[in-house]
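No lab work stands behind these numbers, since they all come straight from the coordinates. Source: prediction; values computed, not measured. Reconstructed Cβ throughout: ideal geometry from the backbone, glycine too, with neighbour counts over all protein chains shown.
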């Protein structure tokens with residue numbers, strides 16, 4: 001049945017339901033008509049019994065002679081007046097001299113009016129229904145029996161049955177045809193959506209399915225599918241933009257690396273020149289490695305495979321480790337690096353991932369900010385905020401809303417300022433810890449970027465895989481990098 005087309009399944013179900021309805025209606029009408037006809041016949045027999053009882057009471061023993069012909073209704077009804085012993089005092093001609101009641105029936109009739117069914121009576125072609133009742137006369141108790149043929153009743157019931165047997169299948173066929181056409185009409189919007197969906201390809205995902213006007217399940221299905229197509233369209237657009245931006249980002253360091261090697265090949269006459277060329281080449285290789293690792297983190301995060309090894313982390317220790325990596329660089333730039341972490345603060349998270357996120361934030365502060373760089377932690381309801389701030393101009397207002405977008409830069413003119421993935425990775429690491437990342441400019445000046453990490457990770461944290469082997473190869477030694 002599951003392989004039968006849905007339109008045919010609906011029609012079969014509709015036909016089966018209509019067949020049951022028609023059968024039920026047929027039985028109901030047949031039984032109702034039968035009951036009404038029987039009731040009418042019984043009422044007629046009671047009326048006729050009263051007339052016969054009156055005749056029998058006034059017969060004075062000469063009932064048949066005095067009322068000859070008064071009981072005659074040929075082929076339809078009959079009557080008899082019997083003694084308690086079964087003797088016939090009066091009868092309609094078609095019955096002849098045969099009593100219609102035997103002794104047991106006479107005994108039952110003597111106790112009160114009783115109905116009997118009878119067949120094969122002389123002069124009566126169909127089954128008959130009798131009413132026998134006692135009547136008191138001057139001669140004693142007599143039994144009157146009146147009856148009527150059920151031929152007309154049976155003929156009416158047979159006609160009704162024939163009507164149902166002939167008209168029922170015709171009505172069932174017509175209703176099934178209507179059901180088939182109605183099912184096709186109801187499924188027409190689905191077919192329209194199917195044709196449009198078949199025409200949509202990856203090259204044109206901006207097309208949408210037609211929405212039926214009725215506010216029903218099909219309209220909701222169409223709206224849901226269109227929302228899904230919109231998400232797919234947005235995802236494909238992000239992927240295309242990601243590939244284009246990644247190709248652009250990789251082109252620059254590769255071109256510089258090639259240039260350095262060509263210069264070393266042409267002008268590397270001395271060992272010092274060769275060493276300088278190799279040093280520049282290694283710098284570009286480091287940049288390429290960092291960019292590749294950043295792209296790997298972005299790809300794994302979107303696939304839901306950003307692995308976390310959750311452990312209880314001392315926040316003060318975490319901030320101190322990150323600050324240690326940048327003290328020499330800050331001192332070389334003539335800037336101070338301050339760490340402020342309340343004692344006793346802890347979070348559940350991946351130590352290397354959080355170090356990587358804070359490393360990106362401090363690198364951005366040193367690269368694009370000014371003045372003192374401050375790293376601090378703040379206890380928040382249900383978690384901890386890990387902040388990194390500087391005393392520079394902060395974020396441009398138009399950049400705050402896109403700070404965590406891929407390859408976004410506060411100053412696009414800076415070609416070597418970073419790949420624009422630093423804050424993206426910060427946000428992905430925060431989301432993987434069931435938290436979030438926020439970037440803002442403080443009222444007194446300077447950027448403030450932080451991660452909000454829950455103190456306890458949920459049982460099923462986003463992207464969390466405990467003790468997973470899918471760790472990034474660079475996580476054991478996070479490199480300084482990333483950009484706004």
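Taking all Cα pairs closer than 8 Å and separated by 6 or more residues, the relative contact order of segment 6-154 comes to 23 percent. Translational diffusion of segment 79-174 was estimated from the Stokes-Einstein equation, with Rh taken as the Kirkwood radius over Cα pairs; at 20 °C and 1.002 mPa s the coefficient is 140 µm²/s. When you count the other C-beta atoms within 10 angstrom of each residue and take the mean per peptide, 129-136, 84-91 line up highest first as 129-136, 84-91. For the listed peptides 357-370, 152-165, a ranking on the average number of other beta carbons within 10 Å per residue, highest first, reads 357-370, 152-165. Within segment 6-154, the proportion of Cα pairs with more than 28 Å between them is 32 percent.
I'd like to compare 210-219, 10-19: which one has the highest average count of other Cβ atoms within 10 Å, and what's the full order after that?
Values: 210-219: 12.5, 10-19: 15.9.
In descending order of packing, they fall as 10-19, 210-219.
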